[in-house]
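Reading through the C-alpha cells given below for one structure.
The values are calculated or read from the model by the stated rules, or taken from the named source; none is laboratory data. Every value quoted in this text rests on a predicted model; they were computed, and no experiment measured them. No Cβ is skipped: glycine too gets one built from the backbone with ideal geometry, and neighbour counts run over all protein chains shown. The accessibility values were calculated without ligands, DNA or RNA, using every heavy atom of the protein model including side chains. Shrake-Rupley method; radii C 1.70, N 1.55, O 1.52, S 1.80 Å.
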Amino acid sequence: MIQTLFLAHGSPLMALENNAYTKFLSTLGNRINPKAIVVFTAHWDTEILTISSSDSVYNTMYDFYGFPKELYQIKYEARGSSLIASEIENKLKNQGIEVKKDLTRGLDHGSWTLLKHLYPNADIPVIQISINSHLPIEEQFNIGNALEYLGEEDILVIGSGNTVHNLRLVNWEQTSVDSWAQEFDDWLIDKIKNKDLNSLFNYRDLAPHYNLAVPTTDHFVPLFIALGSSKSSNPEILFRSYELGNLSYLCFKF
C-alpha cells in the first residue's frame with residue numbers, strides 16, 4: 001500500500017534548486033513507485049472541488065512573476081488520466097461531496113515544482129484536484145477520507161502546501177528560524193502523532209501563533225486532506241526545515 005504524503009512546495013525557485021530539500025524529494029521519489037499521482041494543490045482554490053480529467057499532456061503553468069527566466073523555461077509534461085479521474089469523482093460523490101471536471105487547466109507550481117524532483121521523467125499520470133479553502137477543517141479531512149483506499153490501488157495522494165505560510169512575514173535575509181513558527185509546527189506534530197483530531201479541527205482556538213502561521217488557509221488545508229486519506233495509524237515526519245525566517249518545509253507521511 002502506498003501511503004499518503006503532505007509535502008511543502010515553498011518558493012517556485014525550488015524547481016531550479018539543488019539543496020537538502022530537493023535531494024530529499026528525489027530520494028523519496030526513488031522509493032515510491034505509484035501507477036498514478038493525485039495532487040491536491042494549494043494554488044487551485046475553487047468553490048466546487050474540481051478534478052483535472054483529461055488524458056492529454058498538461059501545460060506547465062507559470063502562476064508567479066518576478067523570477068529568473070530559467071524558471072519559465074521548465075516544462076513538466078505529464079499526462080492526465082480520465083479513467084482514474086472518473087474513479088475519484090465517483091468516490092467523492094458517493095460520500096456526498098460535490099465535484100466537477102476540468103479538461104483544460106495545466107499543472108500549477110504547487111504540483112510541478114514538487115513533481116519535477118520526485119519524478120523528473122514525467123512518466124506517471126497525474127490527476128490534479130483543487131481545494132476549497134473556505135470549507136471547515138473537518139470537511140477537508142472528510143474529502144481525504146473519501147479517497148482512503150487509493151493507496152491500496154498504488155495511487156499516491158499528495159497534499160501540496162505548507163504548515164506555516166505567511167509571505168508578509170518572510171525575511172529574505174534571515175537565516176535563523178522564528179520561534180513562533182517552530183512552536184506552531186511543534187504543536188501540529190504533537191497532535192498529529194497523538195491522533196488528536198478534535199484539537200486539530202479546533203486549531204484556531206488551541207494552536208499557538210495560528211494567526212501568524214495560517215493567515216489564510218489555502219496552503220494549510222492540503223495537510224488535512226492528506227491526513228484524512230490515510231489508512232495508516234503511524235504518521236511519520238519525513239522532513240523539517242525552514243527558510244526566510246518562518247516558511248516551513250515540514251513534510252509528513254500518513
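Numbers below:
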read-out: Leading residue by the ranking (surrounded by the most Cβ atoms within 10 Å (Cβ to Cβ)) among those in the range 154-194 that are among the hydroxyl-bearing types (Ser, Thr, Tyr) and out of contact with any helix residue (DSSP H, G or I) (no Cβ under 7 Å at 6 or more places or on another chain); value: Ser179
read-out: The range 195-204: number of residues that are within 18 Å of Ala226 (Cβ to Cβ) and either open to solvent by 70 Å² or more (accessible area, probe 1.4 Å) or touching a residue at least 40 places away in the same chain (Cβ under 8 Å) (or both); value: 5
read-out: Every residue from the range 97-128 that is over 14 Å from Val38 (Cα atoms), hydroxyl-bearing (Ser, Thr, Tyr) and touching a residue at least 60 places away in the same chain (Cβ under 8 Å); value: Thr113
read-out: Selection within the range 128-142 - within 14 Å of the chain's Cα centre (by Cα) and either at pLDDT below 95 or surrounded by fewer than 24 Cβ atoms within 10 Å (Cβ to Cβ) (or both); value: Ser130, Asn132, Ser133, Phe141
read-out: Every residue from the range 105-156 that is assigned to a loop (DSSP other than H, G, I, E, B) and acidic (Asp, Glu); value: Asp108, Asp123, Glu148, Asp154
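Conditions (1) under 15 Å from the mean Cα position of the chain (by Cα); (2) hydrophobic (A, V, I, L, M, F, W, C); (3) open to solvent by less than 10 Å² (accessible area, probe 1.4 Å), marked per residue:
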residue	(1), (2), (3)
Leu206	no, yes, no
Asp218	yes, no, no
Ile225	yes, yes, yes
Pro235	no, no, no
Tyr242	no, no, no
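Residue-wise test of (1) open to solvent by less than 10 Å² (accessible area, probe 1.4 Å); (2) modelled with pLDDT under 95; (3) closer than 21 Å to Val221 by Cα.
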position: Leu7; (1), (2), (3): yes, no, yes
position: Trp44; (1), (2), (3): no, no, yes
position: Ser52; (1), (2), (3): yes, no, yes
position: Val57; (1), (2), (3): no, no, no
